[in-house]
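The values are calculated or read from the model by the stated rules, or taken from the named source; none is laboratory data. Just so you know, these numbers come straight off a predicted model, no measurement behind them. Backbone-built Cβ (ideal geometry, glycine too); neighbour counts: all protein chains shown. Ligands, DNA and RNA are stripped out before the accessible areas are found, and what is left, the full protein with its side chains, is counted by its heavy atoms. Shrake-Rupley method; radii C 1.70, N 1.55, O 1.52, S 1.80 Å.
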Number of protein chains: 2
Amino acid sequence: MTGYGGTGYYRKNGALAAMVKRYLKLRSLDEALTLLTSTFAAPHRTERVPVIQAAGRVAAEPVYAKYSVPEVNISAMDGIAVRSRDTIGAGDSNPITLEHAARVNTGNIIPPEFDAVVMIEDVWESGSHYQIRRAAVPRQHVRLAGEDIKENKLVIPRGHLIRPFDIGALVTYGITSLEVLAVNVGIIPTGSELVPLGVRPGPGQVVESNTVMAQVFLSQTGAHCTRLPIAPDEPDLIAESIRSALKDNDLVIISAGSSAGTRDYTESVIRSLGELVFHGVAVKPGKPAMLGNVDGKPVLGLPGYPLAAQTVLREFAAPLLESWGFAPAPRYPVTIRLAQALTSDPGFDEFVPLFVGRIGNTLYGIPHGKGAFAQMATVKANGYTHIPAPVEGFEAGTELEAFLTTDSGSIGRTLFLTGTLDPALEELVGLAHDKGLFVYATNPGNTAGFLALGSNTCHAAPLILPAQSLPDRYQPLMKYLKDDVVFINIATIDMVIASVEGLGVSDLTNARFINTRRESPSRMVLDTLLAAEGIDPSQVNGYLQEVHGPPAVAAAVRNGFADAGMCTSGIASANGLRFVPVAREDYELAVRREMLADPRMGMLLELIRSPAYQNLLSGSGGYSTTRTGTIRCLSPDFTLIECTLPVNPSNLPGL
Amino acid sequence: MTGYGGTGYYRKNGALAAMVKRYLKLRSLDEALTLLTSTFAAPHRTERVPVIQAAGRVAAEPVYAKYSVPEVNISAMDGIAVRSRDTIGAGDSNPITLEHAARVNTGNIIPPEFDAVVMIEDVWESGSHYQIRRAAVPRQHVRLAGEDIKENKLVIPRGHLIRPFDIGALVTYGITSLEVLAVNVGIIPTGSELVPLGVRPGPGQVVESNTVMAQVFLSQTGAHCTRLPIAPDEPDLIAESIRSALKDNDLVIISAGSSAGTRDYTESVIRSLGELVFHGVAVKPGKPAMLGNVDGKPVLGLPGYPLAAQTVLREFAAPLLESWGFAPAPRYPVTIRLAQALTSDPGFDEFVPLFVGRIGNTLYGIPHGKGAFAQMATVKANGYTHIPAPVEGFEAGTELEAFLTTDSGSIGRTLFLTGTLDPALEELVGLAHDKGLFVYATNPGNTAGFLALGSNTCHAAPLILPAQSLPDRYQPLMKYLKDDVVFINIATIDMVIASVEGLGVSDLTNARFINTRRESPSRMVLDTLLAAEGIDPSQVNGYLQEVHGPPAVAAAVRNGFADAGMCTSGIASANGLRFVPVAREDYELAVRREMLADPRMGMLLELIRSPAYQNLLSGSGGYSTTRTGTIRCLSPDFTLIECTLPVNPSNLPGL
């Protein structure tokens, strides 16, 4: 056993349990935020920028108009400038011919002797003079000097976030540059496993991407971010890097080194340089968040997991800058209905990536938490929600506030699939994504897929179905939907017994088997098979040992945890296992008929039927594509019969 | 009479009415948008940018992972790597001492012979070996190779808008640069009255600010905008400028020259170069919007009035770029309740700037349309709403969708005042703005102010009140609010008879008088005065001639439309008029008591009481500040009596 560096480890009863470095005390999110924003005063750094570069910045001082706009009285209409007193009494029966008048167009200066404008529509000719038939009131159609703004009057106050249209006004009022808030942020990557951007990481290495993300995210508010060289896992070097960063920066962000691994020295380094304000916040992801106070400046510790780093950037760094007067990070709140139940750890504020999409007139959100490391989750998600600490979770159907992370147009290009996933669908989703169609597929199983279709909480349900007719167990689920649902064939899948040694049906009673859950298609194939062979499930060693699905089955067999299990031939191949086919199943996409008119479904069907997709399937083995793309309906006795239905073309907006 | 250049003018019945250039045909907003987005195909221009500069850009091609992440199996926990098959059967009564295991921390590579990790909490020491008391299932606490993403798998599809957090993922997956959509936009300012940015305009000149605004606004989406030299009002030069701009650009925006003034040649120039798609859209502001098709490229005519230009940029140029795949301009929809009725021209889609603020728990919007030229309206407003063409208007209290143009935090720094405006309040609003407190004051008069206070649709009501007690006419309005409302004195105002010649009360029967509306304080002063002097209103020539308020009175007198009128001494002075004081009125801010606890009101009171404000008032003449800042309550008989009430400190968030 190798020794352990670091401090804080001790032995007790021979257990290594206590070797785990504990967080001092988990702060609540609110508490941590209050500490953060109340401890550090704004740095009051400013800089002068040309007005044309000021969008998104915050005015550091009030800006006043250099001159009045308009500077003199000008005409608001095409017409003639008149002296209103000359027009008193004019009417249809008393036309007045004006001695004094001047032709003006919109924007023209009104000579000082005139105080009103008569629209050209209301002007007649009378010899070489103008004639009018209605009195003009003073100021009529006159843009008075200073009507928009007067010289030296306030245009934007201190603290005003400058928007593109404000810049038009600033330019109009003679402003060419202005003083805006500035802040310098130093970002230190720590960790000997890091390689810089542009270098291909070796095994066990990662690119220092969190610092790049921090730089891009915080730059949005106008912060000047400097990424410092990678500090390896040595306390002295980390300390030196922090000290150096504090010289030029108002906020130092130290990336990674704030989780509780044995290599993490940040906490002790901060203690040695100044005060540790907190380490550990009851927030998920982001628990290892850390805050130090060194010479009155904040040193914010970013966890190493990307999603945890995102939380700390969005929920700590951005609010700190906001408390200093900077623009808040843009947020697009929407109200969503949860398409699935969402559980949460009570006591933790949780941030969960969401797929937000519209089914009918309702915005649905599907939680998509795969773990704090899985960056693809936030890349694929178009929103997130915040579950407050006291909440244990929400039932499906609950209305929640969520935030979109991209334009709301993405909602119209999103399809939700709920049911049973197979690699065949992953390939399809990849093709669709490449066409700008965002497919979010979840894997709760066949039954949940039928139910989601029934409750209209998915656009389509991918299902693995045994044969030419709907099994008895699913028939009640389709009772009311029978005439409304059609099945689009994705592929035919070989179900196999997978093993290292090539075991077959007769070996099931003398091998260690690994099973899948009761409702899964592979379990149903097994049960049918055992019944056909006259084998009692109790004779199968491991029949009660369930894992989540075919991929887990294959992994368990590959790793020697079991000798055999049921999965698809594709999955068995991918895991380097031998296999004996025992059944053919159809992988079908069940959709309501009306969805066939939806251009998103039209595009999906087009992709299913494309040679590109069928080649992908053929290439991966275990799939037959002879029926791929055919549409079948349910007959009264629940058999699947081929039918022809109109499908909408696939033209999606913006594609 | 001078001649008219341009074409399309003709005479009929001696009237110049027909001289007005008519729009060919007003297109509806929808129709115009459809023409715009269906006529011009995307230019398919792309450019390669470093990943760190890709935020806000749109991927022009799918981006694939350069390698799997993680590339090998790594540990998701601090613990020991084990072979799961070695752990089968482990339990409290059957601890297993492992021959083969390796200490791993989070992120460490798991050597290939191991397939699971046991958390350090569950590990005991046994001599130089590890002992465990629970079986490990395969893959437990293992981040499998490719679990986040597999090599060559899609990271972002074509058309994906790249967000800051996406850049973290791209960097992690080995992407250092990517191809994004690009578009070149040429912006031509036309008009001999224009001067370039940085040049002080002479009288009748304006800075070419709309082109700057267009550049900044469209650059947000990643467009490369080039502002071309100012083209003077000469068809040949405008044509040459458009031809030149079309060489390098995918979209040409031609600023001004699209209104119907006599100097506007853009339409005929477009006709000479290509096809005029439309000129004139039923949208307000923005009616002169114009679209040409020259060599298959769009030439978009921007009206000269800044707010009209904004509409065309936001509602035409941005959607065109969006139809080409660019990111939509950010919009923050909110639901507001109209604090005031809003009328609209049926047949026109209207866009109205709004002040959005929170009173109690309700978001209120106050329309703030001053005309298409008044850029300060959108600078001050924090939102806008869209009134569809068929709608004639909305009653106060209607719930509408609105869009915020700035962060929602601005809502918490906004105060709504409704009642009677006086320059004294303008000065206060200026001071408040400079402190980051946004005060939106509207001027519907005293009665409307009391009503708004009663219906809780304003934070405070500025009122001009005659004396020490509430006049009879207002008492019914305060029936239910009497004990809840307090009055903060802003200043005491001299009400005067203003004239060029220094007329007094006795002159009212033999001068041309100009009056204000029935409910206005100056009208009430007049009526009281006439009654006291025994003068019947019918004896006053012009008693029935009403203008909107004291400033309009002073202007009418200054311009000779009338000989005398009632206004404040400050306004009379500002207009260079002589005046005879006839009454002293109190300018009061009526607020609900509970509002005194609001930090915004605390700040406003602090400003009212500040020497700076009192100096401003004294300096402008006509105000007495002896009572400024005192708070009075209503006694049972509606007299105003001084009272002391707790006021909240003025610390506003972010100030």
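Going by what's in this entry, would A:Ala81 be described as within 26 Å of B:Tyr305 (Cβ to Cβ), free of Cβ contacts under 8 Å to residues at least 40 places away in the same chain and either touching a Lys or Arg at 6+ places or on another chain (Cβ under 9 Å) or more than 10 Å from every other protein chain (Cβ to nearest Cβ) (or both)? When the stated conditions are applied, A:Ala81 passes them. Looking at B:Ser68, is it within 26 Å of B:Arg163 (Cβ to Cβ) and more than 10 Å from chain A (Cβ to nearest Cβ)? In short, yes. Only a single criterion out of (1) surrounded by fewer than 18 Cβ atoms within 10 Å (Cβ to Cβ); (2) more than 12 Å from chain A (Cβ to nearest Cβ) is not satisfied by B:Glu113, namely (2).
Within segment A:170-177, does at least one residue satisfy the condition of being of a type in the set (A, V, I, L, M, F, W, C), under 21 Å from B:Gln545 (Cβ atoms) and more than 8 Å from every other protein chain (Cβ to nearest Cβ)? No: segment A:170-177 contains no residue that is of a type in the set (A, V, I, L, M, F, W, C), under 21 Å from B:Gln545 (Cβ atoms) and more than 8 Å from every other protein chain (Cβ to nearest Cβ).
The residues of segment A:415-435 that are away from chain B (no Cβ under 11 Å) and modelled with pLDDT of 85 or more, listed by number, are A:Leu415, A:Phe416, A:Leu417, A:Thr418, A:Gly419, A:Thr420, A:Ala424, A:Leu425, A:Leu428.
Considering segment B:148-164, the residues that are open to solvent by less than 80 Å² (accessible area, probe 1.4 Å) and out of contact with any strand residue (DSSP E or B) (no Cβ under 8 Å at 6 or more places or on another chain) include one that is farthest from B:Ala101 (Cα to Cα), namely B:Arg163.
Taking the conditions exactly as written (away from chain B (no Cβ under 12 Å), hydrophobic (A, V, I, L, M, F, W, C) and part of a strand (DSSP E or B)), does A:Leu363 satisfy them or not? It would help to see each step written out before you state the result.
Working: away from chain B (no Cβ under 12 Å): yes; hydrophobic (A, V, I, L, M, F, W, C): yes; part of a strand (DSSP E or B): yes.
Here the answer is yes, as A:Leu363 does meet what is asked.
Restricting attention to segment B:56-91, the residues that are assigned to a loop (DSSP other than H, G, I, E, B), at pLDDT 90 or above and more than 60 Å from the chain's Cα centre (by Cα) add up to 2. Starting from residues that are under 30 Å from A:Asp295 (Cα atoms) and outside any loop (DSSP other than H, G, I, E, B), keep the ones in segment A:38-55 and report whichever is farthest from the other protein chains (Cβ to nearest Cβ). The extreme case among them is A:Glu47.
Please indicate, with yes or no, whether at least one residue in segment B:338-347 is of a type outside the set (Ser, Thr, Tyr) and without any contact (Cβ under 8 Å) to a residue 24 or more places away in the chain.
We begin by selecting, within segment B:338-347, every residue of a type outside the set (Ser, Thr, Tyr); these are B:338-342, B:345-347.
Next, only the ones that are without any contact (Cβ under 8 Å) to a residue 24 or more places away in the chain stay: none.
Within segment B:338-347, not a single residue is of a type outside the set (Ser, Thr, Tyr) and without any contact (Cβ under 8 Å) to a residue 24 or more places away in the chain.
Counted as qualifying within segment B:118-161 are the strands (runs of 3 or more DSSP E) with 1 or more residues that are acidic (Asp, Glu) and within 7 Å of chain A (Cβ to nearest Cβ), namely B:123-126.
Considered as a group, the residues in segment A:188-217 that are at positive phi and at the interface with another protein chain (Cβ under 7 Å from one of its Cβ atoms) include one that is surrounded by the most Cβ atoms within 10 Å (Cβ to Cβ), and that residue is A:Gly204. Scanning segment B:377-418 for residues that are of a type in the set (Ser, Thr, Tyr), surrounded by fewer than 21 Cβ atoms within 10 Å (Cβ to Cβ) and part of a helix (DSSP H, G or I) yields a single hit, B:Ser408.
Residue-by-condition table, conditions (1) under 30 Å from A:Gln53 (Cα atoms); (2) touching a Lys or Arg at 6+ places or on another chain (Cβ under 7 Å):
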| site | (1), (2) |
| --- | --- |
| A:Ala116 | no, yes |
| A:Ala135 | no, no |
| A:Val142 | no, no |
| A:Gly174 | yes, yes |
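Regarding A:Leu477, is this residue open to solvent by 10 Å² or more (accessible area, probe 1.4 Å), in contact with a helix residue (DSSP H, G or I) (Cβ under 8 Å, 6 or more places away or on another chain) and in contact (Cβ under 8 Å) with a residue 24 or more places away in the chain? Can you show your working first?
Values: open to solvent by 10 Å² or more (accessible area, probe 1.4 Å): yes; in contact with a helix residue (DSSP H, G or I) (Cβ under 8 Å, 6 or more places away or on another chain): yes; in contact (Cβ under 8 Å) with a residue 24 or more places away in the chain: yes.
Here the answer is yes, as A:Leu477 does meet what is asked.
Residue-wise test of (1) among the charged types (D, E, K, R); (2) touching a Leu at 6+ places or on another chain (Cβ under 8 Å); (3) in contact (Cβ under 8 Å) with a residue 12 or more places away in the chain.
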{"position": "A:Asn575", "(1), (2), (3)": "no, no, yes"}
{"position": "A:Phe579", "(1), (2), (3)": "no, no, yes"}
{"position": "A:Leu596", "(1), (2), (3)": "no, yes, yes"}
{"position": "A:Glu606", "(1), (2), (3)": "yes, no, yes"}
{"position": "A:Arg609", "(1), (2), (3)": "yes, no, yes"}
{"position": "A:Gln614", "(1), (2), (3)": "no, no, yes"}
{"position": "A:Ile631", "(1), (2), (3)": "no, yes, yes"}
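Within segment B:419-437, being closer than 13 Å to B:Ala460 by Cα, open to solvent by less than 10 Å² (accessible area, probe 1.4 Å) and among the aliphatic types (A, V, I, L, M) holds for one residue alone: B:Leu425.
Every test in (1) of a type in the set (Phe, Trp, Tyr); (2) farther than 18 Å from A:Asp598 by Cβ; (3) crowded, with 18+ Cβ neighbours inside 10 Å is passed by A:Tyr440 save one, and that test is (2). Flag: A:Ala498 does not match the condition of being open to solvent by less than 10 Å² (accessible area, probe 1.4 Å), touching a residue at least 40 places away in the same chain (Cβ under 8 Å) and either among the aromatic types (Phe, Trp, Tyr) or within 16 Å of A:Leu421 (Cα to Cα) (or both). Of the residues making up segment B:436-458, at least one is hydrophobic (A, V, I, L, M, F, W, C), out of contact with any Gly (no Cβ under 9 Å at 6 or more places or on another chain) and either in a loop (DSSP other than H, G, I, E, B) or modelled with pLDDT under 85 (or both).
Out of the residues in segment A:443-470 meeting the condition of being open to solvent by less than 20 Å² (accessible area, probe 1.4 Å) and of a type outside the set (A, V, I, L, M, F, W, C), tell me which one is farthest from the chain's Cα centre (by Cα). Walk me through how you get there before you give the answer.
Just the residues of segment A:443-470 that are open to solvent by less than 20 Å² (accessible area, probe 1.4 Å), to begin with: A:445-446, A:449-450, A:452-453, A:458-465, A:470.
If we keep only those that are of a type outside the set (A, V, I, L, M, F, W, C) too, we end up with A:445-446, A:449, A:459, A:462.
Working: A:Gly445: 25, A:Asn446: 27, A:Gly449: 24, A:His459: 20, A:Pro462: 24 Å.
Checked segment A:443-470; the qualifying residue farthest from the chain's Cα centre (by Cα) is A:Asn446.
Residue count for segment B:504-525, restricted to those that are modelled with pLDDT under 90 and in a loop (DSSP other than H, G, I, E, B): 4.
Every test in (1) among the small types (Gly, Ala, Ser); (2) open to solvent by 30 Å² or more (accessible area, probe 1.4 Å); (3) within 18 Å of the chain's Cα centre (by Cα) is passed by B:Ser323 save one, and that test is (3).
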